[in-house]
Structure formats: structure tokens, C-alpha cells
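The values are calculated or read from the model by the stated rules, or taken from the named source; none is laboratory data. The structure displayed is predicted, hence computed values, not measured ones. All Cβ positions, glycine included, derive from the backbone under ideal geometry; neighbour counts span all protein chains shown. These area figures cover heavy atoms from the full protein model, side chains too; ligands, DNA and RNA do not enter into them. Shrake-Rupley method; radii C 1.70, N 1.55, O 1.52, S 1.80 Å.
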Amino acid sequence: MNIIVNGQRMEIEDRLNRVDKLLQSFDLQVKTVVVELNKHILTRDYHETTALREGDRIEIVHFVGGG
């Protein structure tokens, strides 16, 4: 399946068919992640139930501390 992640076209495996699975594949070791799917903010409650489809646009933002 082809999707766009943070502005870059990616081909992902069919098993990565939900938002939560995609995030796990990126191995993000952060607790706070903001996901926007097709220009709509997606709260964490919906990550496990939201399917990804061909051509979806997803933006993933995570926060890192530092000074």
C-alpha cells in the first residue's frame, strides 16, 4: 500500500493496515505522539481502530525534551 508519511511517499506492508501498527513499526520510544490523518487530528483512542488506505496522508509529530 502506498501512503504519504510526513510528506514522503512510502510503500508499506499490508500488515501495517492501522495507525497503531504503523506507529509501532517506526519504533517511536516516546509517550507523546500527535497523529494527523488526511488533515484531521486523530486522538490516541482511535489509533487501534483507524484503518489506513491507499493514498492516505499521515503526519506524525513527537516531542523531545532538551535544553
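Listed values, structure above:
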{"read-out": "Complete set of residues in the range 52-67 that are open to solvent by 100 Å² or more (accessible area, probe 1.4 Å) and of a type outside the set (A, V, I, L, M)", "value": "Arg53, Glu54, Arg57, Phe63, Gly67"}
{"read-out": "Cβ pairs under 9 Å, 6+ apart, first in the range 47-67 and at pLDDT 90 or above, second open to solvent by 100 Å² or more (accessible area, probe 1.4 Å)", "value": "Arg57/Lys39; Glu59/Lys39"}
{"read-out": "In the range 7-23, the residues that are farther than 17 Å from Val61 by Cβ, open to solvent by 60 Å² or more (accessible area, probe 1.4 Å) and out of contact with any strand residue (DSSP E or B) (no Cβ under 8 Å at 6 or more places or on another chain)", "value": "Glu13, Asp14, Arg15, Lys21"}
{"read-out": "Of all residues in the range 35-46 being farther than 12 Å from Val5 by Cβ, among the charged types (D, E, K, R) and in contact with a strand residue (DSSP E or B) (Cβ under 9 Å, 6 or more places away or on another chain), the one that is least open to solvent (accessible area, probe 1.4 Å)", "value": "Arg44"}
{"read-out": "Only one of Thr49, Thr32 that is more than 12 Å from the chain's Cα centre (by Cα), exposed (fewer than 12 other Cβ atoms within 10 Å of the Cβ), of a type in the set (Ser, Thr, Tyr) and more than 13 Å from His62 (Cβ to Cβ)", "value": "Thr49"}
{"read-out": "The range 1-37, residues that are small (Gly, Ala, Ser) and under 16 Å from Thr50 (Cβ atoms)", "value": "Ser25"}
